[in-house]
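Here's the structure, in structure tokens; my notes come after.
A short reminder: the numbers here are calculations on the coordinates, not readings from a lab. It should be emphasised that the depicted structure is a prediction, and the values quoted were computed from it without experimental measurement. Positions of Cβ are backbone-derived with ideal geometry, glycine not excepted, and every protein chain shown enters the neighbour counts.
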Amino acid sequence: MKVIEVKDLAKTYYTPFGSIEAVKGISFEVEEGEIFGFLGPNGAGKSTTIMMLTTLLGPTRGTAKILGYDIVHQPNEVRRVIGYVSQDLTVDDTLTGWENMYLQGRFYHLPKDVIKQRSEELLKLLRLYERAKDKAETYSGGMRKRLDIAMGLIHRPKILFLDEPTLGLDVQTRQDIWEYVQKIRKENGMTIFLTTHYMEEADSLCDRIAIIDKGEIKALDTPRRLKDSIGGDLISLRISNDSPEQISQFLEKVKNLEQVKNITSQDGRYTIVASNAEKLIPVIFSIAYESNINISSITMKKPSLYDVYLAYTGREFRDEEGSKEDAMRIRRLVRRTR
Ligand SMILES: Nc1ncnc2c1ncn2[C@@H]1O[C@H](COP(=O)(O)OP(=O)(O)OP(=O)(O)O)[C@@H](O)[C@H]1O
């Protein structure tokens, strides 16, 4: 069953300095029980999309349905069936874990006994139960994020939206959060929609991934199939010759080999996409020898999501402006979690 249906969804921000087309008419569907990831660099349009789907922001164009409810015309129904954990923590530091859970439960008008029972369940699931009587200000950053997720689950949402759930957390805590997200899905049969700019997070956690760049979905599939879509292994090589003519003749010969699918170059590095790369490397060396080409380095690897991103967007997964914004956001989170 499709629980999220998005059709031609778009958002343009109008600012005194001009308009920004943050999301440019995207369409996709999410099946019940999936962990669905939105992967893209800073500024790609991930938060804008999640905010539209959680009814916090009106779209400029297009529609989306959450469990059949329209995000524009039935926002209250949508809010009842979803949980949303934003990038910013909603935890109140001056309250204990229990109190934070209680407050959240009251927002949803849940009876006291239900809040107590669900809080106990969730605090145990997210390994916070032992510290639930302590004030949140004594928690680590990872514990606060876990409490935030527990709070987002108190009304038993059918779909949980997580915006960059592990932003600014260390590697170990990040992996803990992944484990909890998988546990939540398993134990509650929930659908999870998350945004991330961490490749390994999307790879190990998501059933399917949409790669988003500059407000557009560039590719959407399972991590395995996305990687397979590259069409083979990747051989990366550097050449120390100076003559462009010599190099292009060499590359032409390599390109004509049956196993070679594609060759791209970036910053003086040539990337060859090929099947059976192990067997191809000696052949490349012998062509280089015949063509008087000096290979200064050569490596071989299976494609990663990073390579998929590169192949679909034609550029590196970085954004100078975005990384500044990201650093600021992490600093803000760190300050708050102190
Ligand atoms: N309130 C706003 N007003 C104007 N422009 C905005 C606003 N919010 C976001 N933008 C712009 O819209 C684009 C998409 O931003 P968005 O926050 O959705 O991206 P993102 O992929 O979630 O990145 P990040 O992880 O940095 O939040 C960016 O160019 C951003 O600067």
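Some notes on this structure:
- Rounded FRET efficiency, nearest 0.05, which uses the C-beta distance separating H109 from D242 and R0 of 51 Å: 0.10
- Under-5 Å amide H pairs with E34, H placed in peptide plane, nonlocal only: I192
- E252 paired with D267, simple spin-label distance in nm, labels 7 Å along Cα-to-beta-carbon: 2.9 nm
- Given +1 at the Cβ of Lys and Arg, -1 at the Cβ of Asp and Glu and no other charges, the dipole of the chain around its Cα centre is 900 debye to the nearest 20.
- If both residues of a DSSP beta bridge must be in the chain, then about 70% of such bridges are antiparallel.
- Loop-located chymotrypsin sites (Phe, Trp or Tyr not before Pro) in the range 1-106 (DSSP state not H, G, I, E or B) with no more than 16 neighbouring Cβ atoms inside 10 Å: F17.
- Nearest 10 degrees, 0 to 90: helix 320-337 Cα axis against the chain principal axis: 30 degrees
- FRET efficiency estimate (nearest 0.05) - Cβ-Cβ, V81 to T138, R0 41 angstrom: 0.75
- Among the listed pairs K7/K116; K46/K145; K7/K112; K186/K214, those beyond 30 Å (Cα-Cα): K7/K116; K7/K112; K186/K214
- 0 to 90° range, to nearest 10: angle between helix 171-188 axis and the chain longest Cα axis: 60 degrees
- Prolate is the label for the range 230-314, because the ratio a/c of its alpha-carbon gyration tensor axes (a ≥ b ≥ c) is 1.5 or higher and a/b is greater than b/c.
- Spatially proximal lysines relative to K227 (Cα-Cα < 16 Å; intrachain offsets below 8 disregarded): K218, K261, K301, K302
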